[in-house]
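Working notes for the structure below.
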Amino acid sequence: MEKKIQQHYVWESYLKAWRFNDKQVFCHRVQDKKTFPVNQEKTAKEREFYRLKEFTENDESVIYGAFIKGTYNEAVNMGWVRKFKKVFDMINDLKSKGIYNEEIEKEFEILIVNAEEELHTNIEKNALPILESLKKWMLAHFIMKIQG
């Protein structure tokens with residue numbers, strides 16, 4: 001697997017709804033108040049946007065207290081936090097055993113950069129049929145409404 005450097009932070013399927021000329025969307029730059037066409041592939045993305053960040057036990061406590069405590073399923077929500085933290089725990093464990101080398105580092109780097117984007121990609125793929133069905137349902141009800 002290769003490292004995915006340029007990562008979209010706006011779902012590409014969402015951007016498709018705003019396209020013209022098959023591939024372009026309009027972009028507005030706030031700094032100079034200019035609006036211009038841009039290829040969909042070249043907008044709403046950032047280098048390694050989903051890169052996992054290592055955090056401390058204190059960070060974990062803050063995340064729990066601010067965002068997870070009192071939620072419907074605290075255990076599942078904390079499971080996500082621990083899953084992302086596990087990558088760095090594994091790295092630190094391998095380093096402490098003296099078996100962390102350049103080859104292993106390269107594989108972990110790919111995981112650190114790609115893991116969260118892959119998660120979002122899978123969620124988005126699973127959502128597509130639901131959104132298509134919803135669009136068809138809304139269109140049908142809109143047509144029925146205007147026809148009386």
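Structure summary
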| item | result |
| --- | --- |
| Residue-normalised accessible area of the chain, given per residue in Å² at a 1.4 Å probe | 78 Å² |
| Carbon/sulfur fraction of accessible area - the chain, other protein chains in place, 1.4 Å, % | 57 percent |
| Anchor Lys53: lysines whose Cα lies under 29 Å away (excluding residues fewer than 8 positions away in-chain) | Lys3, Lys4, Lys42, Lys45, Lys69, Lys83, Lys85, Lys86, Lys95, Lys97, Lys106, Lys125 |
| Gap separating the Cα centres of segment 53-106 and segment 31-48, nearest whole Å | 33 Å |
| For Tyr100, net neighbour charge (Lys/Arg +1, Asp/Glu -1) across residues whose Cβ lies under 14 Å away | -4 |
| Added length on full extension, which subtracts the Cα-Cα distance from 0.36 nm per residue, Glu107 to Val62 | 13.3 nm |
| Column: log10 I(q)/I(0), Debye, Cα scatterers of the chain, q = 0.13, 0.16, 0.22 Å⁻¹ | -0.89, -1.09, -1.31 |
| Karplus 3J(HN,Hα) series, Hz, for segment 106-114 with 6.51 cos²θ - 1.76 cosθ + 1.60 (x for Gly, Pro) | 4, 5, 5, 4, 4, 4, 4, 7, 9 |
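The values are calculated or read from the model by the stated rules, or taken from the named source; none is laboratory data. Please read all numbers here as calculations on a predicted model, not as lab measurements. Cβ atoms come from the backbone with ideal geometry, glycine included; neighbour counts cover every protein chain shown. Keep in mind that these areas ignore ligands, DNA and RNA; they rest on the heavy atoms of the full protein, side chains included. Shrake-Rupley method; radii C 1.70, N 1.55, O 1.52, S 1.80 Å.
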